[in-house]
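Worksheet for the structure shown next.
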Amino acid sequence: MLALEQLLISLAEPSPVQAQIITKALETLGATQIEIHLGGEELIQQARERRPNLVISAYHLPDMTGSQLVQTLRDSDDLYDMPFILVSSETNPDRLEAIRQAGSLAILPKPFSEQELQTAMQSVITFLNCDSLGAEVDADMALMNVLIVDDSSTSRHHIRQVLEKLGFEHFCETSGGERALQLIEQEAFQLIITDYHMPEMNGLELARHIRGSGLQERTPILMITSDSEHIGPAELEDAGIAASCNKPFEMEKLRQLIRQLLNEY
């Protein structure tokens, strides 16, 4: 079990003042190994040599954006699974959405509160130490089939990575609702996870099609989306969605949700 004081943290922050603020805040929580990099390329080169447990980055770097940095990590063969946190004053929704889709464990504002940082770091610790749900559910997770529907391949990969940590072994992935419906006609799934914003049909429409088809009526549907605060409980219930979770999601919350769904359904 990794503890915060054991983590090697790579921080990309070009501002010495901001780097000092973030470093001190991390040290207050117990972090002891923090490496500071001025840009993304420098961080990536060092990450290949040092294999940090966590990457924290500002959005605006001298050689790339935080979005480009996390996407470079996700697209690489050796750093694709590295936990990532953005710390930035950036508020542009489109820019932040790309970070969410890339599987950032947290997006923190500048300035952030101690509680916000503590919550983010707890999510990192939970992610790194995540145990299988096998002993906590009534079914054999090795036999369960999971369908992941998301038009972002990076997001699908991150969700699958988390689900593998929870003990799932069998997955089908697709980028849109039409293909998802075809797969549902062909295979039985024990869990369906969908995004909201997708081409062809959104997540609510997909869920309505699934429930209306009469196929797999008892399979729980979980929506993971950056728009969950704009979708009311009544809309979710009407569509037949069992639960929803924000992007980026808190690992422990997602773990509890999936455990609850597997035991209830």
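So who's got an amide H within less than 5 Å of the one on THR194, skipping anything under 5 residues away but keeping other chains? H placed 1.01 Å off N, in plane.
So THR194 has HN proximity to VAL149, LEU222, MET223, ILE224.
Kindly provide the pair-distance distribution of the range 134-264 built from C-alpha pairs, with 10 Å bins from 0 and whole-percent values in order of increasing distance.
Result returned by the calculation: 12, 50, 35, 3.
How far is the Cα center of the range 30-94 from the Cα center of the range 111-133, in Å?
If we compute the Cα centre of each part, the gap is 17 Å.
Using a cut-off of 20 Å between alpha-carbon atoms, which lysines can reach LYS253, once sequence neighbours fewer than 8 places away in the same chain are excluded?
List returned: LYS165.
I'd like the Karplus ³J(HN,Hα) series for the range 153-164: coefficients 6.51, -1.76, 1.60, θ = phi - 60°, whole numbers in Hz, and an x wherever there's a Gly or Pro.
5, 5, 5, 4, 4, 5, 4, 4, 4, 5, 5, 5
Using Cα pairs under 8 angstrom and six or more residues apart, how large is the relative contact order of the range 1-156, in percent? Intermediate values should be presented prior to the final figure.
Working: 213 pairs, mean separation 31.6, N = 156.
It comes to 20 percent, rounded to a whole number.
For the range 230-235, what does the Karplus curve 6.51 cos²θ - 1.76 cosθ + 1.60, with θ = phi - 60°, yield as ³J(HN,Hα) per residue in whole Hz, taken in order and with x for Gly and Pro?
3J(HN,Hα) across the range 230-235, in whole Hz: 9, 10, x, x, 5, 5.
Determine, at each q value in 0.17 (inverse angstroms), the log₁₀ of I(q)/I(0) that the Debye formula gives when each Cα of the range 4-128 is one equal point scatterer.
Debye curve over Cα of the range 4-128, log10 I(q)/I(0) at q = 0.17 Å⁻¹: -0.79.
Treating cross-link reach as a plain straight distance, find the lysines whose alpha-carbon is under 17 Å from the alpha-carbon of LYS110, omitting any fewer than eight places away in the same chain.
LYS24
Compute the long axis of helix 177-186 from its Cα atoms, compare it with the longest principal axis of the Cα atoms of the chain, and write down the angle in degrees, 0 to 90, nearest 10.
Computed tilt is about 50 degrees.
Starting from the Cα-Cα distance between GLN118 and ASN92, subtract it from 0.36 nm times their residue separation and give me the gain in nm to one decimal.
Full extension of this stretch gives 6.9 nm more.
Give me the log10 of I(q) over I(0) for the chain at q = 0.08 Å⁻¹, as the Debye formula computes it from C-alpha points; what are the numbers?
Evaluating at q = 0.08 Å⁻¹ gives log10 I(q)/I(0) of -0.33.
What's the angle, to the nearest 10 degrees (0 to 90), between helix 251-264's Cα axis and the longest principal axis of the chain?
So the inclination is approximately 10 degrees.
Which of ARG50, ARG211, ARG74 moves most in a GNM of the chain, Cα contacts under 10 Å?
Of ARG50, ARG211, ARG74, the most mobile in the Gaussian network model is ARG50.
Read the figures in this text as sums done on the coordinates, not as results from a lab. These numbers come from a predicted model, not from an experiment.
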